[in-house]
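**Student:** Let me begin by handing over the structure; questions about it come next.
Read-outs: derived from the displayed coordinates by stated rules, not from any lab. Note that this is a predicted model, so its numbers are computed, not measured. Because the Cβ atoms are built from the backbone with ideal geometry, glycine has one as well, and the counts that use them run over all protein chains shown.
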Amino acid sequence: MSRTLRIIHDDRESFFCRRCGSPVPPSIAGGRNRNHCPNCLSSLHLDIVAGDRRSPCKGLMRPIAVWAKPDGEWSVLHHCERCGIIRATRIAADDDEGALLKLALKPIARLPFPLET
Ligand SMILES: [Zn+2]
Ligand SMILES: [Zn+2]
């Protein structure tokens, strides 16, 4: 397998979420990454290589799916509205559980085929 999904780590900066306006604090104790909004799970496309802040894109990255890894850890897949890149980001301890559940259940709520009864 040649393609890997990069996980972005950053806990140096805080910012205001461009989508919902919530303050996004630097990572809390126990959390290793803080690069997305704990309220709406959106992120910004800031990095070329994780943590380098060198991407010229700066697009809004919307959460599109939850990825459950074999070890049970959840990541959120973010899709950049501007350039289209998709990245995986480990969830944080203070991420909104309702928002995570809603994201995870989205495909179930919109089945592309009829359910047999
Ligand atoms: Zn937000
Ligand atoms: Zn982008």
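**Student:** Want the number for C83 to L105: 0.36 nm per residue separation, take away the alpha-carbon distance, what's left?
**Tutor:** Taking 0.36 nm per residue and subtracting the Cα distance, the gain is 5.3 nm.
**Student:** From the backbone phi of the range 54-61, what are the Karplus-calculated ³J(HN,Hα) couplings (6.51 cos²θ - 1.76 cosθ + 1.60, θ = phi - 60°) in whole Hz, Gly and Pro given as x?
**Tutor:** 10, 6, x, 5, 6, x, 6, 9
**Student:** Provide F15, F113 in ascending order of the number of other Cβ atoms located within 10 Å of each residue's Cβ, fewest first.
**Tutor:** Listing F15, F113 from fewest to most nearby Cβ atoms yields F113, F15.
**Student:** From the residues A93, S75, V24, which one has its Cα farthest along the dipole of the range 15-108 in the positive direction, the dipole being from +1 and -1 charges on Cβ of Lys/Arg and Asp/Glu about the Cα centre?
**Tutor:** So the residue furthest toward the plus end is V24.
**Student:** Exactly which GluC sites (Glu not before Pro) in the range 55-117 are in a DSSP loop and have at most 16 other Cβ atoms within 10 Å?
**Tutor:** Passing sites in the range 55-117 are E73, E81, E116.
**Student:** Name the trypsin sites (Lys or Arg not before Pro) in the range 40-116 that are in a loop by DSSP and that have at most 10 other C-beta atoms within 10 Å, would you? Can you show the working numbers first?
**Tutor:** Working: sites: R53, R54, K58, R82, R87, R90, K102, R110; in loops: R53, R54, K58, R82, R110.
Those satisfying the criteria are R54, R110.
**Student:** Take each of the peptides 65-71, 39-45, average the number of other beta-carbon atoms within 10 Å over its residues, and list them starting from the highest.
**Tutor:** 39-45, 65-71
**Student:** Wrap a convex hull around the Cα atoms of the range 15-108, take a quarter of its surface area, and give that in square nanometres.
**Tutor:** About 6.3 nm², averaged over all directions.
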